[in-house]
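Only the coordinates and a few stated rules stand behind these numbers; no lab work does. The model shown is predicted, which means the values in this text are computed figures rather than measured ones. Glycine gets a Cβ as well: all are built from the backbone with ideal geometry, and neighbour counts include every protein chain shown.
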Amino acid sequence: ARWQQQGFDFRIAINVTPEDLTGPAFTDRMIRLLGKHKIDPTRFELEFTEGALMHNPAEVRHQLERMRQMGMDVAIDDFGTGYSNWNYLRQLPATTVKLDQSLIRNLASDKTDQRLV
């Protein structure tokens, strides 16, 4: 909160585990801590991998929606390394999809990769 008061403009990315998203405890704690320390939730981006979606998908989606409602950004990290069900991913409240490096490593020279990405 002091950094904000001093005019520093920054964002913080937090990697969350599947366990963090399978119940309300993590989200409730984030809400409590952000309020206690008067931190703007729009400065945060929560990152999770596709694997998190395999652990109680409905609850994961619900917790991500709660965090989006607070103003946090939500990023799917390392997309393309796991299950990559596009229809399911479309239902998530994600603001960002971060492609896995294996999908873009040869992007400059590989026409197939260019076409896919």
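For the pair residue 13 and residue 32 in one chain, pulling the backbone fully straight at 0.36 nm per residue adds 5.0 nm over the alpha carbon distance. In plain terms, the residue of 14, 39 with the fewest other Cβ atoms within 10 Å comes first and the most crowded comes last, giving 14, 39. Think of the chain as a dipole: +1 on every Lys or Arg Cβ, -1 on every Asp or Glu Cβ, centred on the Cα centre; then among 91, 18, 4, 4 lies furthest on the positive end. Considering only 101, 63, 41, and ranking their Cα positions along the charge dipole of the chain that arises from unit charges at the beta-carbon of Lys, Arg, Asp and Glu, the one farthest toward the positive end is 41. When semi-axes √(5λ) of the Cα gyration tensor in Å is computed from the coordinates, the matching label among (1) 22, 19, 12; (2) 29, 19, 10; (3) 26, 16, 12 is (2). One chain, two ends: residue 109 and residue 86. Fully extended at 0.36 nm per residue, the span grows by 5.7 nm beyond their Cα-Cα distance. A DSSP coil position with no more than 12 other Cβ atoms inside 10 Å describes the following trypsin sites (Lys or Arg not before Pro) in the range 1-66: 11, 38.
So for the range 2-116, averaging the separation of alpha carbon pairs under 8 Å that are six or more residues apart and normalising by length, what relative contact order in percent results? So the answer I get is 23 percent. Each residue of the range 108-117 was assigned a 3J(HN,Hα) from its phi angle through the Karplus curve 6.51 cos²θ - 1.76 cosθ + 1.60 (θ = phi - 60°); the sequence is 5, 10, 9, 4, 5, 4, 4, 5, 6, 7 Hz, with glycine and proline shown as x. Remark on residue 14: its backbone amide H falls under 5 Å from those of 45, 46, 47, a criterion applied only to residues 5 or more positions apart or on other chains, H modelled at 1.01 Å from N.
Would you mind finding the longest exposed-site-free stretch of the chain, with exposed chymotrypsin sites (Phe, Trp or Tyr not before Pro) meaning DSSP loop and at most 14 other Cβ atoms within 10 Å? The answer is 11-82.
Between helix 57-70 and the chain there is an angle of about 50 degrees, using the helix long axis and the longest principal axis of the Cα atoms. Karplus-derived 3J(HN,Hα) values for the range 2-8, using 6.51 cos²θ - 1.76 cosθ + 1.60 with θ = phi - 60°, are 5, 4, 4, 4, 8, x, 6 Hz; glycine and proline are entered as x.
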